[in-house]
Number of protein chains: 2
Amino acid sequence: MEIDRPYLLFLGDVKDQLAAKTAQGIVDWRREWCIGQLRLPNCGADCGVPDMGLEEAGAAGVRTLVVGVANPGGVLPEHWVGTIVAGMDAGLNVATGLHQRLADVPAIASAADRNGVKLFDVRHSHEIFATGNGNKRAGLRLLTVGTDCSVGKKYTALALERGMREAGLDADFRATGQTGVFISGRGIAIDAVVADFISGAAEWLSPEADPAHWDVVEGQGSLFHPSFAGVSLGLLHGSQPDAFVVCHEPTRTTMRNVSAPIPDIAEVIDMTVAHGKLTNPAIRCVGLAINTAELDNAAAERCIAELGDRYALPACDPVRTGVEPIVARLMDQFPS
Amino acid sequence: MEIDRPYLLFLGDVKDQLAAKTAQGIVDWRREWCIGQLRLPNCGADCGVPDMGLEEAGAAGVRTLVVGVANPGGVLPEHWVGTIVAGMDAGLNVATGLHQRLADVPAIASAADRNGVKLFDVRHSHEIFATGNGNKRAGLRLLTVGTDCSVGKKYTALALERGMREAGLDADFRATGQTGVFISGRGIAIDAVVADFISGAAEWLSPEADPAHWDVVEGQGSLFHPSFAGVSLGLLHGSQPDAFVVCHEPTRTTMRNVSAPIPDIAEVIDMTVAHGKLTNPAIRCVGLAINTAELDNAAAERCIAELGDRYALPACDPVRTGVEPIVARLMDQFPS
């Protein structure tokens, strides 16, 4: 799935900024792909790009109307369909990350046929995957793993891609979740793949490459999360990382949405190496990404320094301090 | 999915016994559910139950025509459709474990409507699963795990169910693969579940029960198999076993269909405990099921004795020697 760019971000009439977090993520990371935003009356979100109508967007070269919202039911509000159909009549493709498939809305399916435009259901892949084979592929790979869900694995991977490119490395972010797919224009929502094919999908996502090329793979879940560890393990085996970064939120005591305790960083490192060596015996941890959003500056600085010392690893907060220490470690340990 | 019994086994015109292994598994384990078999001309398989026509089967009380074959493409041969439709016209439900859905064959879909009979696609579940929550449920659970795929996890679980019942325990086999679903009349092909829901599906499969009741859960794959470890881990977390049995084939050197080496039994025990304790801190290994099919009697006896000694665990071959030592260990360690 490679979504045509640039994008016009459709925010509908969502009531607040949080509901537009997918669109906001795209703007944060791929400002240059976002020509504008289209908002209906009473929209409570603003992603800070020019407001724009469909005709104007078409004239400006927009290729895809991205429904950049997340809502609990994952369904498309009926009163948005008219605007989406008008977008297709103006020649735009349409993409969403909702559970509901665009083609299941009859007016959208017929408008797509009529105009010969494409529909992208980012949550659903049409790709036929093979089961994983575990064979080593050429190229270098980095995977972000976590002590929990929602600790910054996507953000860290994107920050590493940017930092590695600035340092002159050949690096590509590989998305494994819906927001990541929009940000990178490609990828797979790996939690939506049939269980038999998790590692096979991860192998497909990060194919054989130039020996000096880095794929920076967005991690999912945690090996210690009772809901999603299977996804995390299949992704680890299929990604066969040479290097991994542990992402951690230091103020949490139990894992997100369940009562299991947060594992120690050392346990995550050891377990990741224990499993990862099956498909890459050279796997190693190259740093810690500490999400200090809940701490003030002084506490954040202390926390990062203390964890870096304790585990003898480069530590940073990708948002607050940047990822330079981890990039430096990579340059040092993988000289090209 | 609870498949109506008893069954008439449809073997079509498969060319050999191996192609009828699903039907043979049902006969081996649930002879009393199998009223007969229906074979087309030139069928090369025979499951050793009476040959029977559709009318006769209906009169004998058969409820479901089971397409008991496995073929590589997983599709239904066109020249079988007539017999299947005639079965529905005779009042029978139809079940298959093929990838192709019965309702996707128009003649079968309309015959089901016309006769008000049920279609069971064992490989596909209509159940809406939640993501796993990791909470401890009442009841006891045993999971068979493996050093590899296809080492006897299903056979061991079924043999344990039988042995535990003979010893007076309240035990139920829980199927996680298509043949197991046919044998037990219920269950889920867990490798066909969407990745996000593996552990949730395993929780659904083995619900809260009487404190003395055992669910004997059929394992899948191996934590060390690069193709399927994600499925194995989600199944372990969701099953939250009190006890597990390691299934092992002692003559293999690499894992099935891949080049990864077979792990040591001790590694499998340690890794199963390391992950399993997340959802059941009391998890323990209660025995080894050694698949000695490739060894002669003397070598099998030596191998079982040696492995039992080395790991200080009850060891047996469920096919050759039965599972009594493991059942005895369960009675000893879990007094009711």
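For the stretch A:78-100, the set of residues classified as modelled with pLDDT of 90 or more and under 19 Å from A:Q178 (Cα atoms) consists of A:N93, A:V94, A:A95, A:T96, listed by residue number. Taking first residues from the stretch A:306-331 that are in a helix (DSSP H, G or I) and partners that are surrounded by fewer than 17 Cβ atoms within 10 Å (Cβ to Cβ) and not basic (K, R), the Cβ contacts under 6 Å between residues at least 6 apart in sequence or on separate chains come to A:V327/A:A167.
From the list B:G132, B:G58, which residue is surrounded by 15 or more Cβ atoms within 10 Å (Cβ to Cβ) and touching a Ser or Thr at 6+ places or on another chain (Cβ under 6 Å)?
Numbers: B:G58 fails: touching a Ser or Thr at 6+ places or on another chain (Cβ under 6 Å).
None of the others qualify; the one that does is B:G132.
Kindly evaluate B:A175 against the criterion of being buried (at least 19 other Cβ atoms within 10 Å of the Cβ), small (G, A, S) and either at pLDDT 95 or above or in the same structural domain as B:G221 (by TED's automatic domain parsing) (or both). Against the criterion (buried (at least 19 other Cβ atoms within 10 Å of the Cβ), small (G, A, S) and either at pLDDT 95 or above or in the same structural domain as B:G221 (by TED's automatic domain parsing) (or both)), B:A175 qualifies.
For the structure I just gave you, tell me whether B:R256 is within 14 Å of chain A (Cβ to nearest Cβ), assigned to a loop (DSSP other than H, G, I, E, B) and of a type in the set (K, R). Yes; evaluated as a whole, the condition is true for this residue.
Taking (1) crowded, with 21+ Cβ neighbours inside 10 Å; (2) at pLDDT below 95 in turn, A:S259 satisfies each apart from (1).
Mind checking which residues of the stretch B:213-224 are farther than 19 Å from B:C247 by Cβ and surrounded by 24 or more Cβ atoms within 10 Å (Cβ to Cβ)? Across the stretch B:213-224, there are no qualifying residues.
Figure legend. Inter-residue proximity from the stretch A:266-280: first residues more than 10 Å from chain B (Cβ to nearest Cβ), second residues assigned to a helix (DSSP H, G or I), beta-carbon distance below 7 Å, spacing 6+ or different chains. Indicated pairs: A:A266/A:Y311; A:T272/A:L236; A:G276/A:L236.
Taking the conditions (1) basic (K, R); (2) over 19 Å from B:T179 (Cβ atoms); (3) at pLDDT below 95 in turn, B:R30 satisfies each one other than (2).
When every residue of the stretch A:197-212 is checked against the conditions, none turns out to be at pLDDT 95 or above, within 28 Å of B:E203 (Cα to Cα), crowded, with 22+ Cβ neighbours inside 10 Å and of a type in the set (D, E).
Search the stretch A:225-253 for residues being surrounded by fewer than 24 Cβ atoms within 10 Å (Cβ to Cβ) and either within 8 Å of chain B (Cβ to nearest Cβ) or β-branched (V, I, T) (or both), and hand back the single one that is nearest to B:A202 (Cα to Cα). Among residues in the stretch A:225-253 that are surrounded by fewer than 24 Cβ atoms within 10 Å (Cβ to Cβ) and either within 8 Å of chain B (Cβ to nearest Cβ) or β-branched (V, I, T) (or both), the one nearest to B:A202 (Cα to Cα) is A:T253.
Looking only at helices (runs of 4 or more DSSP H) that fall completely inside the stretch A:124-209, which ones have 3 or more residues that are within 12 Å of chain B (Cβ to nearest Cβ)? Talk me through it step by step, then tell me what you get.
Values: elements: A:153-166, A:178-184, A:198-205.
Hits in the stretch A:124-209: A:198-205.
Among residues of the stretch A:122-135 that are at pLDDT 90 or above, those with a beta-carbon under 9 Å from a residue that is of a type outside the set (A, V, I, L, M) and loosely packed, with under 13 Cβ neighbours inside 10 Å at least six positions away or on a different chain give the pairs A:N133/B:S259; A:G134/B:S259; A:N135/B:S259. B:F10 meets all of the listed conditions (1) farther than 26 Å from B:S125 by Cα; (2) at pLDDT 95 or above; (3) over 19 Å from the mean Cα position of the chain (by Cα); (4) of a type outside the set (V, I, T) but one, namely (1).
Each row is one residue, and each column tells you yes or no for (1) surrounded by fewer than 22 Cβ atoms within 10 Å (Cβ to Cβ); (2) closer than 22 Å to A:E208 by Cα; (3) without any contact (Cβ under 8 Å) to a residue 40 or more places away in the chain.
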{"position": "A:A138", "(1), (2), (3)": "yes, yes, no"}
{"position": "A:D148", "(1), (2), (3)": "no, no, no"}
{"position": "A:V151", "(1), (2), (3)": "no, no, no"}
{"position": "A:L160", "(1), (2), (3)": "no, yes, no"}
{"position": "A:M164", "(1), (2), (3)": "no, yes, no"}
{"position": "A:G168", "(1), (2), (3)": "yes, yes, yes"}
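When you check A:A282 against the structure, is it surrounded by fewer than 23 Cβ atoms within 10 Å (Cβ to Cβ), small (G, A, S), outside any loop (DSSP other than H, G, I, E, B) and at pLDDT 95 or above, yes or no? Taking the combined requirement at face value, the residue does not satisfy it.
The values are calculated or read from the model by the stated rules, or taken from the named source; none is laboratory data. What you are looking at is a predicted structure, and each value in this text was computed from that prediction instead of being measured. Here the Cβ is made from the backbone with ideal geometry for all residues, glycine too, and neighbour counts use every protein chain on show.
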